[in-house]
1. With r as the distance between the Cβ atoms of Arg80 and Thr284 and R0 = 51 Å, compute the FRET efficiency 1/(1 + (r/R0)^6) and round to 0.05.
2. Extension gain Asn248-Val125, at 0.36 nm per residue separation less the Cα-Cα distance, in nm?
3. Sort Trp137, Trp231 from largest to smallest accessible area, using a 1.4 Å probe on the heavy atoms of the protein chains.
4. Output ³J(HN,Hα) for region 192-199: one whole-Hz value per residue in order, computed from phi by the Karplus curve 6.51 cos²θ - 1.76 cosθ + 1.60 with θ = phi - 60°, and x for Gly and Pro.
5. Give me the number: length gained by fully extending Ser240 to Lys191, i.e. 0.36 nm times residue separation minus the C-alpha to C-alpha distance, one decimal in nm.
6. Beyond a 20 Å Cα-Cα separation, which of these cross-linked pairs lie in this structure: Lys210/Lys269; Lys62/Lys210; Lys214/Lys290; Lys16/Lys37; Lys210/Lys276; Lys22/Lys50?
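The values are calculated or read from the model by the stated rules, or taken from the named source; none is laboratory data. Only a predicted model underlies this, so the values are computations on that prediction, with no experimental measurement involved. Heads up, the Cβs are rebuilt from the backbone with ideal geometry, glycines too, and the neighbour counts pull from every protein chain shown. Just so you know, the surface numbers come from the protein's heavy atoms only, side chains and all, with ligands and any DNA or RNA stripped out. Shrake-Rupley method; radii C 1.70, N 1.55, O 1.52, S 1.80 Å.
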Amino acid sequence: MSENNEETTTIGARLKAARTAKGLTIDDLQQITKIQKRYLIAIEDEQFDKLPGDFYVRAFVKQYAETVDLDGNALLEEYRDQLPSVQTETIVENVDEVQPTRVASREQPASPASRVRNYLPTIIVTAIVVLILLFIWFMAVRTHAGSSSSTSADSSSVQVSSSKKQSSSSKASSSAKSSSKASSAKEQTIKANGSSDTAYTLTNGADKNKVVIKSTKAAWTSVTTNGTQTWQGTLKADGSHTLTLPSNATTVKFQFGNATATTVTINGKAFNFNPKNSTSQVRTITLTIK
């Protein structure tokens, strides 16, 4: 009995027990955390030498813990002696951020000749624009001089024509304003596609829709736009993340690792992606933008 009790106090056994208690499989955990399955198994078996490095051990253990509702920082401190030590105690909140960075390329000071070459296209374009403006001014002066000998009747005709154009322009402007007001009166709506509770359609949204994701507990979320991942990470309890969708977004896929503790607003309006009050924590929601 003493040997069993000692085994369950190890960090790997404790994480595995927490995962089992939440009803999650290793495959579920891989989908939520985006940590490879073989690394998750190595953590539970405490075979830390199979992970990419000591820093990754602490980062992966922390994200694993928070995904199964354990305090990641407290767990790292409690099992400090069982984990590889690193030079820094900084543990990232998002596994995707644990990536080696590249040294920024150093810019060499440009020589005077290089600077001239850089500005040469601008100088040429500016010169062409100036020549075009001078030509237009010259033609306008010639036209004005030739029209000075026109009769007063012609002048009256031009004035009448100008008055008609102004009236037409005023009407067009008024029509455009009315159309703009009618367009702005349309309200944003998000409706389910038929009886589905996983597929929705957004209409009358913004050109670039603003999305705010909040969580009451530690929750992993992923946002994919037009098939390309826009953002993914694990929010802390009472945490939030704001992102702006691109103007060409037509399909947005939300993946929730703790859906019951997560809320979403789009352009300041709540997106009720769980109208049937599903208790499932891992959910995938598709939003079509029209």
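1. After rounding, the FRET efficiency stands at 0.85.
2. Values: separation 123, 0.36 × 123 = 44.28 nm, distance 3.21 nm.
The span from Asn248 to Val125 would gain 41.1 nm if fully extended.
3. Working: Trp137 160, Trp231 50 Å².
Heavy-atom accessible area, descending, gives Trp137, Trp231.
4. 3J(HN,Hα) across region 192-199, in whole Hz: 6, 7, x, 8, 5, 10, 10, 10.
5. So the extension gain works out to 15.2 nm.
6. Lys62/Lys210; Lys214/Lys290; Lys210/Lys276; Lys22/Lys50
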